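Working notes, structure below.
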Amino acid sequence: MSFEDDLKKEVRSFFRTQWEVTDGKVIPEPDSIGLGNKAKKLDIAILYADMAESTNLVDGYKPLYAAEIYKSFLHTCCKIIRRNGGELVSFDGDRIMGAFIGDGKNSAAAKCALNIKWGITSIVQSEHDEYYKGKGITINYSAGIDSGDHHVIRTGIRGGNDLVWVGKAANYAAKLSNHNWSPYHSIISNRVYSKLNDGSKYDGDGKNMWIQEYSNEINESVYKSSYHWKAT
């Protein structure tokens, strides 16, 4: 069979083979889903944290300085996502995607975003400024969160494949992370906000930590916050 015939056969099967969909209760590992038309359906909250103005960083500074910023940003986000019960599911350059599952997923994801604000401003930026003595950049980023059903599929070929998260929330969370609303670095959808517990909605004085705003990225009202919350 020629390469063309083989490729046609494989692609044809994607369109014509019946999907096998099972409900998931945990974040899947890549090898838990087959490469055929198999999917796991999960109700999850997705957090995207994305550095802003990274093109200016790589264009205007030495590569290894940019690497220090990337490593510090992504490492801090990873640790805080895990600390809040989330799973690390995707990296894309200077962007990281975390997934939260379970009854408290929306509140955990929102708290995580506020923890990330603390981590970036109080640790990453502070350590950067201590070493570079006023030189370098002010790190800017956004964390976007949305929630809903996703179908998780495994795509690629044997020896080179990964999980893909198919659902509106992953797409919307990524779009929300495109906003440059500094100092409002945490942005959540209406769907997330409506399910927040009081601990993730109000500060210690009972004031709402979230302000309503309209997002042209997803064409609906969302909520943003400038608060930071120390991770413990």
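All of the numbers you see were taken from the coordinates with simple rules; none came from a lab. Worth saying up front: this structure is predicted, and the values here are computed from it rather than measured. Here Cβ is always computed from backbone atoms with ideal geometry, including for glycine, and neighbour counts include all displayed protein chains.
Here are the numbers:
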| item | result |
| --- | --- |
| Degrees between helix 105-118 axis and first principal axis of the chain (Cα, 0 to 90, nearest 10) | 50 degrees |
| Against the rule of thumb 2.2 N^0.38 Å, how large the Cα Rg of the stretch 108-232 comes out | 1.22 |
| Total formal charge among the other residues, if their Cβ is under 11 angstrom from that of residue 185, Lys/Arg +1 and Asp/Glu -1 | +1 |
| Sequence ranges 190-197, 156-163, ranked by mean other-Cβ count within 10 angstrom, highest first | 190-197, 156-163 |
| Cβ-defined net charge surrounding residue 33, 9 Å radius [Lys, Arg +1; Asp, Glu -1] | +1 |
| Between 0 and 90°, nearest 10: helix 63-83 axis offset from the chain longest Cα axis | 80 degrees |
| Evaluated over the stretch 1-78, the Cα radius of gyration and Dmax, each in Å | 20.5, 51 |
| Over 24 Å [Cα-Cα, the stretch 29-136], rounded percent | 35 percent |
| Angstrom value of the Kirkwood radius, inverse mean 1/r, which spans all Cα pairs in the stretch 19-225 | 17.8 Å |
| Cα gyration tensor shape for the stretch 65-128, rounded if a/c is under 1.5, else prolate or oblate | oblate |
| Antiparallel %, DSSP beta bridges [both residues in the stretch 19-225], to 5 | 85 percent |
| Charge context of residue 168, other residues only, Cβ under 15 angstrom, K/R +1, D/E -1 | -2 |
| In the stretch 1-58, the trypsin sites (Lys or Arg not before Pro) that fall in loop regions by DSSP, at most 11 other Cβ within 10 Å | 25 |
